[in-house]
Every structure is written in C-alpha cells, then in structure tokens.
Amino acid sequence: MVKQKIEARDGAKAVAEAMRQIDPDVVAAYPITPQTEVVQTFSTFVADGRVGTEFVAVESEHAAMSACVGASSAGGRVMTATAANGLALMWEVLYIAASMRLPIVMTCVNRALSGPLNIHCDHSDSMGARDAGWVHLFAESPQEAYDNTIQAVRIAEHLDLRLPVMSMQDGFITGHGVERIELLPDDAVQSFVGPFQATHSILAIDHPLTMGAWDFYNYYFEHKRQQSDAISRALPIIEAVGQEYGQLTGRSYGLFDTLGMEDAEMAIVVLSSTAGTARSVVRQAREKGLKIGLVKPRVFRPFPHAQFVELLGKCRAVAVMDRSISFGAMDGAGPLFLELAAALFAHNRCDIQMVDYIFGLGGRDIVPGHVEQVVQDLQTIVRTGDRGALVRYLGLRE
Amino acid sequence: MSEQLLTWKEVCPGGTVTEPGSSAAYHTGTWRSTRPVHDPEQCTHCMICWVYCPDMAILVEDGRWKEFDYDHCKGCGICADVCPVNIKKAHSVTGQMGKVIQMVSEY
C-alpha cells in the first residue's frame, strides 16, 4: 500500500486530478454543467504545463467524441467528459467508439436529459446510452470517482477487452460536493495505468490499415456478435483491476458494494450517491433487528446478472430505486429494475417480489424519510405477500 | 463474392482491416449497367479521362492510354463526358460518330 495524501476535492476536481496524474495523450472536450469543472480544471493543468496532453477545444460534444475516436485510432490514450444533452449529442459516435474497440475513458457526470431543461442530477443521460456498447461504472462519492477514473483506464485498455469505459458520478451531489479524499502520488498512478499500448494506429505508415470501414449485410451481424462477446468478458477484468487497486490503495473494488446481504430477506438496490442515503437507513433498520440489506451496483454495463441474483439469495422482497424512467417500459419502470427483473426471470427467481421506485428526477431531493418509506413497503410486501404496484414514486407530488 | 465467409469469431476485431489496399479485391465493376468503350486509333492520349476517373479505373502506360480496369469501373460515364476528342471516322467498337470514349449497355 502506498502513502496517500488527504485533500478536499469535489467529484469533478477529483476526476480532473486523476486525469492529470494519468496524463493522457489527448483530451477533446466541450463544456456542459455539471461536468464543466472537470475539463476546465484539466485545461488549467494543460495551460500550466503540468500535463503533456494535447487538449482539443472542440465546437460540440459530437465533435469531442469524434476527435477522441480519431485520436484513439491514431494510437493515443484518450479521455473526455460530458453530461446530459452533451452525451446525447455524441450518441452516434458512442456506438462508433465501442464498435471500433477504442479504449476511450469518459466521465459522465449524471444530469437529467432535457426537456424540460434541467441541469440537475438524474441518470437519464447515461441510461439513455446503455446500449451503445460502453462499460458503465458508477461512483458514489468523489473518492470513488477518482478511483474509478484511474481503474477505468486499465479496464478499457486491457488487451482482452479494448472497449470504451464511461465512469459516472451524480451531478452536483457528487460533482460539486466537496469531500475528504485520499490521492495517490503521481508516480503511483503512472505505474498503475502503465504506458499506453496501441494495438493499431492509423498513423503507423509502415502498417497501413483501414479503420471505420463499411460492412455489407453479410458481415455486420458477425461484427456485432463479436462486439457483444467482447463486452461480456468485462466483469472478471473489472474485478481483477479492482483487486490490484486495493493492494495499491487499501480500497478494493468489485462489482458491488453491499451491506447486510448475508442474512437479508429484503433488499434495496440503488446506484450512485443515493446509496449513501439508503445505507444510513438500512443500517438503522438492521440495528432494530430488521433483516434488510443494501446492494449498490458499481457496474451497470455489462450487467452483472448472475452475481446480482446470487447476492439476492434469501430475499423475499426487493426494492429497486431508479433515477430514470425508461419511457414506455412496463408501468413506466426504470432501467435498473428492468435489467434485474430479466435477471431474476432468467435465473428462475420469480419467487422474489420486486418493485421499482422512481426517484430524484431532475435533481429532486431524496432523503432518508423516503427510504424509510421503502423499508416500510418492503415489510408490507413480505408480511402480506402482495406485491402491490410494480412502479412507485418517491418525492413526487401525486 | 463467392469466397468462404468468416464466422463471428474470425472477423477482424473492431472492423479494423490490416491488409492494405484490400478494397481492390472487391470488384465494384459488377455494379455496372453501362460500360465505356475506347477507340485506340483515334485517341490523342490527352489523359483527361484518366485524371477525371473517380475510381482509378483507367490504366495508362508510358504516357499512353492502355485499358479500362473493368473489374473496378462502375460505368459512371464521366470519362465519356470529359473526353475532348470528336472522332473523324466511325468508332471502332460502336460504329457511331461522337467521342473516343462512348458508353454502351452492359447487357
């Protein structure tokens, strides 16, 4: 374990610090609240000569990801950051980056997609891009955001994976929330991420190649099947990198962060910063003798279905908390619920009564009182055996 | 294309083609519905058709027009359009008056 420095950072500046220590070859980015501080801070590092990064200030997020694709194809380590409508604007290029197997690392500071226009936290942005082929990691705190950024580089660039990684943190809540974080020394980050190994370079004129080529209907399907196989191999890589990071820092990372799941008959499943709120409520409930647990997934893509279902082991009732709606999905459910419901079905656990709580859209506050209501509801479901409404809402004026 | 098609495990990851110049193996000439024909005796070898061909499907040798690459000529007709030479006698292939390069139906 290496000696770390304790400093105060908000999530955005924590990521910028990680990026400084990684010192990527290229960062092409466009500002958007609540990510702006990530690239704004990073660009001061560039201006001050503290990194060797080629910083490309582009005209839009579509251009940002396009420039990242170009730079990555040229054989460079490439990073960027965005949020909300910025992510939406680069949507087509996300698919291209993943299908071209480019190990780009991007921070997405989760913010609500318009409309109406809203700059505050919800997960509609990254959830809207869940099919693009990127690995999705979620951070609960500035510390996790910092740690995930460093690990994301190793995950993306792993020679058995070579896929882009999107690293999420809650807009404003984590992004602008200052916390005590432990920072690695620069050389420790450099040695953890290692030098970039280019598998292909469009600039290598001695090995001419074509990237971003055309596929007829007789080959596209095979390429997509191969891409699907590639992302399916990410979980063990994420775990291995997380273990190695734990040896370096004392903070080990896996696929989940859990509390009380060993004996839990009820569970709350929630991503990102709200897990902190939920954890305090679950802890109090457990102290009162309630057999309830908390599951905070760290990885959303690929979806760790087998491990998830195993974690829910003895549970009779589960409450998923979704910070986005998949419009038109059954009963207006959210993506985390939908994925987990499919996993329960696939693993023959339809005995578990599972409900979905939509919360926090557009930065609507979520407080312990809301989670206490969820705990009450779970107990009612277990007691009566009646699941009740499939999709519910927390903090909504109904 | 009649080559053995690769399975999903065999295709190049990320669609990256590592063999340079491989597009020549695909005969875009099969897409043609008209083809250009040339009268070598009346050609002035001005090279204008060669300059304008978008597919590099006109082959030249020693500063003289040599042949069409019919494997890759898509029959766009630009060469026939830009040819500046009005022939003095009937075209050796079509028997018509007009330019040194003329378009005929592929079928």
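If I filter the stretch A:195-225 down to residues being facing chain B (nearest Cβ under 8 Å) and over 19 Å from B:S22 (Cβ atoms), which single residue comes out as surrounded by the most Cβ atoms within 10 Å (Cβ to Cβ)?
The first filter runs over the stretch A:195-225 and keeps only residues facing chain B (nearest Cβ under 8 Å), leaving A:200, A:207-213, A:215, A:218-219, A:221-223, A:225.
Next, from what is left, pick out any that are over 19 Å from B:S22 (Cβ atoms): A:221, A:225.
Details: A:F221: 12, A:R225: 14.
Residue satisfying both the conditions and the ranking: A:R225.
Can you name every residue in the stretch A:108-165 that is over 19 Å from A:R77 (Cα atoms) and of a type in the set (V, I, T)?
A:V109, A:I119, listed by residue number.
Identify all residues within the stretch A:226-244 that are within 14 Å of chain B (Cβ to nearest Cβ) and either in contact with a helix residue (DSSP H, G or I) (Cβ under 8 Å, 6 or more places away or on another chain) or among the β-branched types (V, I, T) (or both); write none if there are none. Show your work before the answer.
Step one: list which residues in the stretch A:226-244 are within 14 Å of chain B (Cβ to nearest Cβ), which gives A:226-233.
Hits for the stretch A:226-244 are A:Q226, A:Q227, A:A230, A:I231.
Just one of the numbered conditions (1) within 14 Å of chain B (Cβ to nearest Cβ); (2) surrounded by 21 or more Cβ atoms within 10 Å (Cβ to Cβ); (3) in contact (Cβ under 8 Å) with a residue 60 or more places away in the chain; (4) in a helix (DSSP H, G or I) is not true of A:I96; which one?
It is condition (2) that A:I96 fails.
Hey, can you tell me all the residues within the stretch A:70-93 that are closer than 25 Å to A:Q190 by Cβ and surrounded by 23 or more Cβ atoms within 10 Å (Cβ to Cβ)?
A:A71, A:S72, A:R77, A:V78, A:M79, A:T80, A:A81, listed by residue number.
Please go through the stretch B:82-100 and give me each residue that is under 22 Å from B:V51 (Cβ atoms) and among the hydrophobic types (A, V, I, L, M, F, W, C), ordered by number.
B:V82, B:C83, B:V85, B:I87, B:V100
Any residue in the stretch A:298-309 that is without any contact (Cβ under 8 Å) to a residue 12 or more places away in the chain and either more than 18 Å from A:V391 (Cα to Cα) or out of contact with any Cys (no Cβ under 7 Å at 6 or more places or on another chain) (or both)?
The answer is no; no qualifying residue exists.
If a residue must be among the hydroxyl-bearing types (S, T, Y) and either touching a residue at least 12 places away in the same chain (Cβ under 8 Å) or closer than 22 Å to A:V26 by Cβ (or both), how many such residues does the stretch A:180-223 contain?
Pass one, the stretch A:180-223, residues among the hydroxyl-bearing types (S, T, Y): A:191, A:199, A:201, A:210, A:217, A:219-220.
This time we only want the ones that are either touching a residue at least 12 places away in the same chain (Cβ under 8 Å) or closer than 22 Å to A:V26 by Cβ (or both), so: A:191, A:199, A:201, A:210.
Summing the residues that are among the hydroxyl-bearing types (S, T, Y) and either touching a residue at least 12 places away in the same chain (Cβ under 8 Å) or closer than 22 Å to A:V26 by Cβ (or both) in the stretch A:180-223 gives 4.
When both residues are 6+ apart or on different chains and their Cβ atoms are under 8 Å apart, which pairs have a first residue that lies in the stretch A:100-120 and is away from chain B (no Cβ under 14 Å) and under 18 Å from A:M168 (Cβ atoms), and a second that is in a loop (DSSP other than H, G, I, E, B) and of a type in the set (D, E)?
A:N110/A:D122; A:R111/A:D122; A:A112/A:D122
For the stretch B:75-100, which residues satisfy the criterion of being surrounded by 17 or more Cβ atoms within 10 Å (Cβ to Cβ) and under 18 Å from the mean Cα position of the chain (by Cα)?
Once the filter is applied, which keeps residues that are surrounded by 17 or more Cβ atoms within 10 Å (Cβ to Cβ) and under 18 Å from the mean Cα position of the chain (by Cα), the stretch B:75-100 yields B:G75, B:C76, B:C79, B:A80, B:C83, B:K99, B:V100.
Would you please name the residue that is farthest from the chain's Cα centre (by Cα), looking only at residues in the stretch A:141-183 that are small (G, A, S) and over 16 Å from A:R298 (Cα atoms)? Outline the logic, then answer.
The initial filter retains those residues of the stretch A:141-183 that are small (G, A, S), namely A:141, A:145, A:152, A:156, A:167, A:171, A:175, A:177.
Then keep just the ones that are over 16 Å from A:R298 (Cα atoms); that gives A:171, A:175, A:177.
On the way: A:G171: 12, A:G175: 14, A:G177: 18 Å.
Within the stretch A:141-183, the match that is farthest from the chain's Cα centre (by Cα) is A:G177.
Each reported figure results from applying straightforward, stated rules to the coordinates on display, with no laboratory input. Quick caveat: nothing in here was measured; it's all calculated off a predicted structure. Heads up, the Cβs are rebuilt from the backbone with ideal geometry, glycines too, and the neighbour counts pull from every protein chain shown.
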